[in-house]
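I have placed the structure first, in the form of structure tokens, so that the comments after it can refer back to it.
Rule-based calculations on the coordinates, nothing more; no lab input. None of these values were measured; they are calculated from a predicted model. Here the Cβ positions follow ideal geometry from the backbone for every residue, glycine too, while neighbour counts run over all protein chains shown.
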Amino acid sequence: MSRSRARVTFVLAVVAASAVILGYFSIKTLNDVAVLHKVGQTVKSVVEPTQKVMTIGSSVTKGWMDTGYRNWRKGWHGGYLLRGFTSYDQKVSTKYTIVDKTIVGANSSQMATLYKGDMTSWLQSIQPSIVVISWGLLNDALPKTPLSVFEAHLHHEIANVLGHHAVVMIITPPVTQASLTTYKTAFQQYLQAEITTAQQFHSRNVYVFDVYSQMKKEMAQQHIAISQYIGNSWHPNAAGHEKAGEILSADLWQRFGNHPIHFES
């Protein structure tokens, strides 16, 4: 083989080797990018945003008589609110942490008097993204709280939450025996006053979810006796809390879908 021909062969061999090496690193780089992309997707799916939901209400809001949900006697571990938000956040990318600030036996008037200042303190220390106000209303029906007083105190609660840049959700309670019988008329008056007071804000940060009326309508349509949902006359049982939670979860999904719930300035 001539010297010039050997030189050409050597050059071709070097070029071929270079191409193989470059090809290897190109493929490796592409593979690395693909792996990193997958890792990025995994990290994104694992690290999900979390929002604090502070709940205001009384014993029914706390989940009393929800004996079918965890160990309810050792504390607040159930109820329609927890069931509703738990069901909802299983469908969406945002996770919701419930911070229970319900007070057994209380109503909105007591929040403005007996527990005056507590709500502001909670808003400052907890800094929730969402505040759920869900009074049982029977604690107002029994002492016959004047509607004007009820409306004024509820208005103050909502304004206080908005002033701390948190979303307000007014969620009406589940159906109970007392709300359908003993306090039927008074309960409906407080229910309507609660909804009207919230709507009067005309705010994009105030939402009303009337769980009570939906549950009552469904019971009538399906001929479900109240006895199926009774824990005692003032509180639903586990089935009642479950049904109300299902309605709330569906309402949240219909209103927000998979979009985060945030305060709009």
Please compute the net charge surrounding residue 166, taking Lys and Arg as +1 and Asp and Glu as -1 over other residues with Cβ under 14 Å from its Cβ.
+1
Subset of 116/216; 95/217; 52/184; 184/216; 52/91; 52/144 violating a 23 Å alpha-carbon distance limit
116/216; 95/217; 52/184; 52/144
